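See below for the structure under consideration.
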Amino acid sequence: MRGAMSINIEAALEQLWASASASIPEWLPMRYIDWLPAVYETSLKFQSAAKGRSNIYLVLLDFSDRDGSYGVYVGMSKYSPAQRFDQHKAGIRAAGSVLKRGIEVLTGPTMHLQYIKRSEAARIEGELAEALAAAGLRVKGGH
């Protein structure tokens, strides 16, 4: 894939997943998103000193029916990001944007924001949403 044209990335990633799916970590996104490095950089600016039971999570949103782009949902829950995503998709206390447009959990950028104090998680959720929006992403959630 090195040196390949960016228009061929999706096809190359599909081929990669098919041949190496057992060795791919679950936190790796399943599609190429050009702004994902900015999400990692932005989320790494947030830290929590206190341990707890809350988790910050990001969900990739598909806006292909509007302008062909992606967005991100910022959430906080006592459940693991994967469990909370499944709840959203099942309609359990679901955010409409995740229910309708949620594709997958972006686990990697928020791995360091798991099992933190609820008050810290609430603060970080809002600030992370604002920071991602300021970086030019389409952001939902973060209340």
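The values are calculated or read from the model by the stated rules, or taken from the named source; none is laboratory data. Values in this document were obtained by computation on a predicted structure and should not be read as measured data. Cβ: placed from backbone, ideal geometry, glycine included. Neighbour counts: every protein chain shown. These area figures cover heavy atoms from the full protein model, side chains too; ligands, DNA and RNA do not enter into them. Shrake-Rupley method; radii C 1.70, N 1.55, O 1.52, S 1.80 Å.
Things worth noting here:
- Largest to smallest accessible area among H112, H88, H143 [probe 1.4 Å]: H143, H112, H88
- Radius of gyration over Kirkwood radius for the chain, both on Cα atoms: the Rg/Rh ratio is 0.97.
- Extreme residue, positive dipole direction of the chain, given options A129, L99, S80 (C-beta unit charges): S80
- Accessible surface of the chain, 1.4 Å probe: 53 percent of it comes from carbon and sulfur atoms.
- Counting only DSSP beta bridges with both residues in segment 49-143, the antiparallel share comes to about 80 percent.
- In this structure K78 has an accessible area near 140 Å², from a 1.4 Å probe over the protein heavy atoms.
- Solvent exposure of the chain amounts to 58 Å² per residue of accessible area, where only protein heavy atoms count and the probe is 1.4 Å.
- For E10, solvent-accessible area (1.4 Å; no DNA, RNA or ligand), Å²: 80
- Summed over qualifying helices (DSSP H, 4 residues or more, each -39500 (n - 2.57)) and divided by its residue number, the chain shows a 222 nm mean residue ellipticity of -11000 deg cm²/dmol.
- Local net charge near I92, Cβ-Cβ under 11 Å (Lys/Arg +1, Asp/Glu -1): +2
- Residues M111, M76, sorted by accessible area with the largest first, give M111, M76 [1.4 Å probe; ligands and nucleic acids excluded].
- Kirkwood-based Rg to Rh ratio, segment 59-127, C-alpha trace: 0.98
- Around S119: net Lys/Arg minus Asp/Glu count, Cβ-Cβ under 14 Å: +3
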